Structures are given as C-alpha cells and as structure tokens.
Amino acid sequence: MIKKGYFLIFLVLSCLVSVCAQSETPFEATEEAIIAPPPPPEEEKEIIGKLDVIFELKDYDLKNLISDIHVNLEILDKETGEKTNTLKYVGNDGLVKLRLYKGTYDITLKVDKIDTGGRDYFITVDQDVDNDVTRTAYLFSVGSVIGNVYGGNGKAVKGAQIKFECSGDYGDRDNKISDDFGGFSSYWLPIGSCRVCAMHGYKVGFMDVEIKKGELSNIDVTLNKGIISGFNFWTILIMIVVLIVAFFGVRYISKKGKEEVEKKEEIEEKKEVVKEDAKEKLSSRTRDIINTLKEKEKSIVNFLLENNNKSTQAKIRYSTGIPKTSLVRILLALELKKVVKIEKIGKLKKVGLTSWFLGKE
C-alpha cells in the first residue's frame, strides 16, 4: 500500500511538471508580440535622396490663395525625359507638396473646379531641384472650347486640322484634329480673344471666340473658303522662272558651245591649210630630211614650221608635251643634224630651223 501511494504521488508530480512546460512557450510568445512595435505606414517612410518641393498656389490676377481643391500635375524630368502624372489635394493652406530627386523639371499644374463648366487655372513651372524648395506659383486663368467642323454642304468633316490663335501666350494651344463626328475640343486656352481656324483639303474656315475664365464655349466652324497658300503660289512662280532661265541658259550654253566648236574647227582647218601650203613650199631637201626624222623630232620640226620657223624651248615643250629632259636631248640631236640652231639668251633658249635645212643655202 505504501508503494502504491508513492507511485500515485510520483504520477501527480509528473503531470504538473508536463503542464507547466507546455504553458511556458505560448506565454513568452504572447509577451514578445505585445512588446514589438507595429511597422510604420508605407506612406510615412522617407525615400532616400528625394527633396521637398512645395508650391503655394495663388491666382495670378487676384493674388489670393487657390485652396480646398484638387490639382493635376504633369512632371517632366528634362534629364531623363520621364513624364509622370499625379493628382494632389490642396488644403486650406494652398500648398502642394512633392518629393523629387535632384534634377531639372517642367512641372505643369492644372486646376479644374467642379462648379464651373470649363477648366480654370494653368501654369508650367521650370524648376531646378538641388535643395528643398518652397515657392509661390501664380496660376493663369483659362477657359475651354468645344466645337464641330462642317463642310460647305453642312456635313461634319473628319480629320480637319484645328489651330488656335489666341491673344494670350500661355496654356495649352496645341493643334487638334477633328474626330469621326467632326468634333474637337481644347480645354486649357488663355482667356481673351481666340481665333479657331480649321482646314481640310483646299477648304478653310475660322470662328472668333471670347474665352472666359472657367467657362466652356461651344462653336461651329464651317469650311467655306478656298485656299491657295502664299508659299505654294510663290513656289510655283519661282519654279516657272527657274525653268525659263534654265531653258534659255541651256540654249545659250549650247549655242556658245557650238560656236566654240565651230571656231576651233575653223582654226584647225586654217592650220591644216597653212600646213599644206607650208609643205608645198618646202624644198626637196627639207622634205627628204623630214622623212628621215623620228616622230618626236618631226613634231618639233612641224611646230617650228607652223610658227615662222622659230620659237622657244619652253613653248615647244608645252605645245608638243615632250618632257624637258627628253626635249633637250632631241634638240641637241636635231642641232647635230643641222636641222635646228639653238641660241641661248640668258635663261631663254631660242630654237630656229637652219637655212640649210630649209634649202636656202
């Protein structure tokens, strides 16, 4: 009985130790979960390397704050060409807060109030970011226009080019193209007078409209005028003049060229006649000696015969094309044959046919 009692006591103690061991781990885990702080919200984490860029928005004309409104921002990084769009809420303080890396940006701010028919404010800011920036941005007032383009037959015109010529030089005045229904729109035009021009094919039309702050104007443009652009007119006129000048120029050049050719042919004919006459007048001795000469020697003798039986060494070289060293050697050979006589006067060498060669002795 005593042994059974010890045994029961041992079992009870073992159970108590086991229960305590199992309850220790979850207690510690719960204690650690309570002590660990929650992770910070994602929007509160700072991005390393970015700087604060803060704009205070004001009306350019009234100089009062623009607040309690949403503003659309188009941010262009000039260095990378990357463009991003974002929508920011502007509170009662009129501040728009951005975080940007160092660089140069074009930041366009557009404001559209829900209680107006058109758009309301527009500005593009050129901003260098190298430190935290806080500045005032004065937004210009804008308005909007929508419309349709019609042909002279009253039908809507698709694909017409739309151009906006406004008195103000700000806002978005990019050209537009009419859609499948002839419609077009431009929402960020400067306030004041604007001429809306439309062109399709060889037809053009325009409509003048007064753009008012926050208002949406509705217009129709009818293509009721034909066009021939001044550029095309002057281009055609210049082309005609150029063609006329080119035609007569070609004729003149052709005529001059023909006259030159005829003149050269006439001169050559005269030379041939002179040669023939000279040959006929040559003595039998001269003709016999010429027949014994080599080709280059003959060319020198013939040149001298054509030039009153005398010339200079330089003229002979340029006329016959014989190199200087070869010419000197040939002239010496002709001198030994008593065909020519060489006379040196300073640096000038005169060459003449001998009287013996010409049959005068």
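Just so you know, all these numbers are worked out from the coordinates, no wet-lab data involved. Just so you know, these numbers come straight off a predicted model, no measurement behind them. Methodologically, a virtual Cβ is constructed for each residue, glycine included, from the backbone with ideal geometry; neighbour enumeration extends over all protein chains shown.
By the rule of a C-alpha distance below 28 Å, with chain neighbours fewer than 8 residues away ignored, the lysines paired with LYS102 are LYS45, LYS50, LYS58, LYS78, LYS83, LYS88, LYS110.
Put a dot 7 Å past the Cα of THR325, heading toward its Cβ, do the same for LEU237, and the two dots end up 6.7 nm apart.
For TRP234, TRP188, TRP356, the sequence from fewest to most other C-beta atoms within 10 Å is TRP234, TRP356, TRP188.
Residues whose amide H comes within less than 5 Å of that of ILE219, counting only those at least five positions distant or on another chain, are ILE146, GLY147, ASN148 (H built at 1.01 Å from N in the peptide plane). Starting from the Cα of GLN161, step 7 Å along the direction of its Cβ; do the same at LEU348; then give the gap between the two resulting points in nm. Rounded to a tenth, the inter-label distance reads 7.3 nm. Residues whose amide H lies under 5 Å from that of LYS349, counting only those 5 or more places away or on a different chain, are GLN313, ALA314; hydrogens are built 1.01 Å from N in the peptide plane. Overall form of region 142-226: prolate. Here a/c, set by the Cα gyration tensor axes a ≥ b ≥ c, is 1.5 or more, and a/b is the larger of a/b and b/c. Residue by residue, region 87-95 carries 3J(HN,Hα) couplings of 10, 10, 8, 9, x, 5, 7, x, 9 Hz when phi is fed to the Karplus relation 6.51 cos²θ - 1.76 cosθ + 1.60 (θ = phi - 60°); x denotes Gly or Pro.
With a cut-off of 11 Å between beta carbons, the residues surrounding CYS166 carry a summed charge of -2, where Lys and Arg count +1 and Asp and Glu -1.
Candidates LEU223, PHE206, CYS166 compared by Cα position along the dipole of region 142-226: farthest toward the positive end lies LEU223, with charges placed on Cβ. Residues within the reach of a label modelled at ASP115 (point 7 angstrom out along Cα to beta-carbon, backbone nitrogen below 15 Å), restricted to region 46-89, are 66-70. Among the listed pairs LYS258/LYS281; LYS296/LYS344; LYS264/LYS296; LYS63/LYS158; LYS263/LYS341, a Cα-Cα separation exceeding 31 Å is found for LYS258/LYS281; LYS63/LYS158; LYS263/LYS341. The listed peptides 342-354, 249-261, ordered by packing as a protection proxy, come out as 342-354, 249-261 (highest mean of other Cβ atoms within 10 Å first).
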